[in-house]
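Undergrad: What follows is a structure written as structure tokens; I'll ask about it next.
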Amino acid sequence: MAKEVLIEFQNISKTFGSIVANDKVCMDVMRGEILSVLGENGCGKTTLMNMLAGIYYPDGGRILIHGKEVTIHSPKDAFDQKIGMIHQHFKLIPVFTATENVVLGVKNGSRYNLKNAKKTIGEMCERYGFHIDPDKKIYEMSVSEKQTVEIIKVLYRGADILILDEPTAVLTPQEIEKLFAVLRAMRDDGKSIIIITHKLNEVMEISDRVSVLRKGHHIATIETKDTNVQELTEMMVGKKITLNIDREQVKDPADRLVINDLNCTNADGVKTLDHVSFVARSGEILGIAGIAGSGQKELLEAIAGLQKLDSGEIIFHRPKKDLPVSFFHKTFKQVTDLAAEGKFHYEDGTPVDLTGKSKKEIRSLVNDGKILFNEDEIMNLRDKTPLQIRELGVRLSFVPEDRLGMGLVGNMDIIDNMMLRSYRKGKSILVNRKRPESLADQVVKGLEVVTPDLHTPVRKLSGGNVQKVLVGREISSAPKVLMAAYPVRGLDINSSYLIYNLLSKQKEDGAAVIFVGEDLDVLLGLCDRILVLNAGRVTGIVDARSVTKEEIGFMMTKTGA
């Protein structure tokens, strides 16, 4: 028996200035189905769903529900049509309980009755398979519990149509399975579920149909059972692409970064890093897995010199061939003592003998970069600022989670953001923009950054294109250590694989790559080893080629190593 059409989009169009987000989109949603909406960054899928949720209003076209045209000016109008949206960033009050968050804002003409609300929540949990303590405070909850509260919130308001934006982004495999079981139970109860996601394997597992958008146009809606990952990808990007992560075997690994017993406490007195120790090696990709807020951010920021530590060591092994001796981190006596021990050589390979040379002569040799190390230099980077780390000659690059807050300056154009790494190297008070402009052009072309020109402020670019600019700049410095926190978050699948292969190229070039990711399939396919964090503690370091997703998921939730 044919399913009933619940929602119809008829010629929906939406523009933002000169940008066309949706161009006469026609598609539908059935009652009692799970529909996945796919597309590259900027294809218009989120804009389309935001119009259904009342966040945006269409410039043209009609939305029909149950065959009747509706006008949705606000989220309240959407709730009146029994539509609710669960956003990727939850909108909950941390100090309130689950029940208090659920009933907050519900106006039914009477005072709040938490006892009755808890009873209703209990019935919903039993009906759909939720697991939640209605009296638990939000700040005490895991990410999956908070997401459950968000779903219950919209169901409590009578929603029959639920829109979920990247619902599995920060969940463990076990939590994803529980969520999928709940979504299937809601679908079987007649609810319509719309999922915006980038994870094609999950699309194939959970959805009944898939709608693909490309450059603002609706390309097709097809039955999931009648398609595959490769076909969906080609519809998204409009051409054949190869979905392969090139993972080479590790060659000649050497300890590059040795982390010893790091401990860190935040301003609220919460321990964010708890005796963290591991080794990152040259020529390998070390993945870091963990539920959001498990210490990934603090760990990478501590290594980059942005986070103050309570204790521990961050030992960098600088290869002897890389950089010359510097007086910045060596006193005059240390230089002469090391020379006497035979630790240095000149550029032509001959040993350094400083006997009889004056301080001025020795300082001149050092400052001119004439004296090199005979062996790897070992430096403790703890409590060093990013500038000090750079002046030590440590080529360390960091792609932070917060793109515009930490990585780039939103009001500056692409060229000026490229120059942030190099302007101190200028030899006059005037900066040279030629090299940064050349680099910006290479990044834009190589990573297919969509921008009007190189002089466009980065805040005007889409999130995915901002990320490309940031990753391209950091990789351009040929780092010995490259740290990337969620570098493909918000990127479409084509751009994501481009970034994965760029990281693999850095590994082949001998860099120690530390990759924090949220997609376990990618971590297993890209990385050589995976370090798992939970509540600031290392709960395991495993071989990515032999471990399973379920084993990693277990380590993400256990409390000790």
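The numbers here are math on the coordinates, done by the rules we state, and not lab data. This one's a predicted model, so the numbers in the text were calculated from it and none came from an experiment. Positions of Cβ are backbone-derived with ideal geometry, glycine not excepted, and every protein chain shown enters the neighbour counts.
Undergrad: Take the alpha carbon atoms of the stretch 243-304, find their center, do the same for the stretch 348-372, and report the distance between the two centers in whole angstrom.
TA: Here the answer is 37 Å between Cα centres.
Undergrad: Rounded to the nearest 500, what is the 222 nm mean residue ellipticity of the chain from helices alone, with -39500 (n - 2.57) per DSSP H run of 4+ residues and division by all residues?
TA: Rounded to the nearest 500, the figure is -9500 deg cm²/dmol.
Undergrad: Write out the trypsin sites (Lys or Arg not before Pro) in the stretch 160-223 meeting two conditions: DSSP loop, and at most 10 other Cβ atoms within 10 Å of their Cβ.
TA: Values: sites: 178, 184, 187, 191, 199, 209, 214, 215; in loops: 191, 199, 215.
Within the stretch 160-223, no trypsin sites (Lys or Arg not before Pro) qualify (loop, at most 10 other Cβ atoms within 10 Å).
Undergrad: Once fully extended, how much extra length lies between residue 541 and residue 358, figured as 0.36 nm per residue of separation less the alpha-carbon to alpha-carbon distance?
TA: 60.8 nm
Undergrad: Spin-label point model (7 Å from Cα, Cβ direction): what's the residue 96 to residue 66 distance in nm?
TA: Label at residue 96, label at residue 66, 2.9 nm between them.
Undergrad: Count the net charge of all other residues whose Cβ sits under 10 Å from the Cβ of residue 532, scoring Lys and Arg as +1 and Asp and Glu as -1.
TA: Summing Lys/Arg as +1 and Asp/Glu as -1 gives +1.
Undergrad: Would you mind computing Rg(Cα) / (2.2 N^0.38 Å) for the chain, counting N as its residues? Please report the intermediate quantities before stating the final value.
TA: Numbers: Rg = 27.0 Å, N = 561, 2.2 N^0.38 = 24.4 Å.
Its radius of gyration relative to the 2.2 N^0.38 Å reference: 1.11.
Undergrad: Of 333/507; 146/468; 215/468, which pairs sit farther than 26 Å apart, going by alpha carbon to alpha carbon?
TA: Over 26 Å apart, Cα to Cα: 333/507; 146/468.
Undergrad: While we're here: For the chain, calculate the relative contact order in percent as a whole number, restricting contacts to Cα pairs under 8 Å that are 6 or more residues apart. If you can, show how the numbers build up before the last one.
TA: Values: 1088 pairs, mean separation 84.1, N = 561.
The normalised contact order for the chain reaches 15 percent.
Undergrad: Also: Which FRET efficiency value, to the nearest 0.05, is calculated for residue 189 and residue 234 with the Förster distance at 25 angstrom and r the Cβ-Cβ distance?
TA: That pair, residue 189 with residue 234, gives E of 0.10.
Undergrad: Output the relative contact order of the stretch 5-237, whole-number percent, from Cα pairs under 8 angstrom with separation of 6+ residues. Don't skip to the end; give the middle numbers.
TA: Details: 444 pairs, mean separation 67.6, N = 233.
Computed over the stretch 5-237, the figure is 29 percent.
Undergrad: Normalized C-alpha radius of gyration of the stretch 5-237, against 2.2 N^0.38 Å? Could you put the intermediate results ahead of the total?
TA: Working: Rg = 17.7 Å, N = 233, 2.2 N^0.38 = 17.5 Å.
Here the Cα radius of gyration is 1.01 times the empirical estimate.
Undergrad: Here's something else I'd like to know. When the dipole is taken about the Cα centre of the chain, and only Lys, Arg (+1) and Asp, Glu (-1) are charged at their Cβ, what size is it in debye, to the nearest 20?
TA: Dipole magnitude for the chain comes out near 1420 debye.
Undergrad: Please state the relative contact order of the stretch 466-558 as a whole percent: Cα pairs under 8 Å, 6+ residues apart?
TA: That works out to 22 percent.
Undergrad: Tell me, how many Å apart are the Cα centres for the stretch 457-522 and for the stretch 110-180?
TA: A separation of 34 Å, based on Cα centres.
Undergrad: Mean 1/r over all different Cα pairs, inverted: what Kirkwood radius does the stretch 244-295 give, in Å?
TA: 13.4 Å
Undergrad: May I ask you to sort 166, 298 by Cβ crowding, counting other Cβ atoms within 10 Å and putting the fewest first?
TA: Ranking 166, 298 by Cβ neighbours within 10 Å, fewest first, gives 166, 298.
Undergrad: Tell me the net charge near residue 230. Cut-off is 13 Å between Cβ atoms, residue 230 excluded, with +1 for each Lys or Arg and -1 for each Asp or Glu.
TA: Once all neighbours under 13 Å are counted, the net charge is 0.
Undergrad: Hey, with R₀ at 22 Å, roughly what FRET efficiency would residue 402 and residue 87 work out to, going by the Cβ-Cβ distance, to 0.05? All intermediate terms of the calculation are to be shown ahead of the outcome.
TA: Details: r = 18 Å, r/R0 = 0.83.
With a Förster radius of 22 Å, E is 0.75.
Undergrad: Run down the aspartates and glutamates and flag those whose C-alpha is under 18 Å from the C-alpha of residue 549, throwing out any fewer than 8 positions away in its chain.
TA: 175, 177, 202, 205, 518, 519, 521, 528
Undergrad: Return the long-range amide H neighbours of residue 6 (sequence gap of 5 or more, or a different chain), with a cut-off of under 5 Å between placed amide H atoms.
TA: 29, 30, 31
Undergrad: Counting only the backbone N, which residues of the stretch 268-294 are under 18 Å from the spot 7 Å out from the Cα of residue 260 toward its beta-carbon?
TA: Answer for this model: 274-281.
Undergrad: For the stretch 443-520, what are the per-bin percents of Cα-Cα distances with bins 5 Å wide, up to the bin holding the maximum?
TA: Spelled out per bin, shortest first, that is 3, 15, 28, 25, 17, 9, 3, 0.
Undergrad: Below 16 Å, Cα to Cα, which lysines can residue 370 reach? Residues fewer than 8 away in the same chain don't count.
TA: Result set, ordered by chain and number: 320, 321, 330, 343, 357, 359, 360.
Undergrad: Let me ask something additional. Quickly rank 494-503, 444-453 as a protection proxy: mean count of other C-beta atoms within 10 Å, highest first.
TA: The densest-packed peptide leads the list: 494-503, 444-453.
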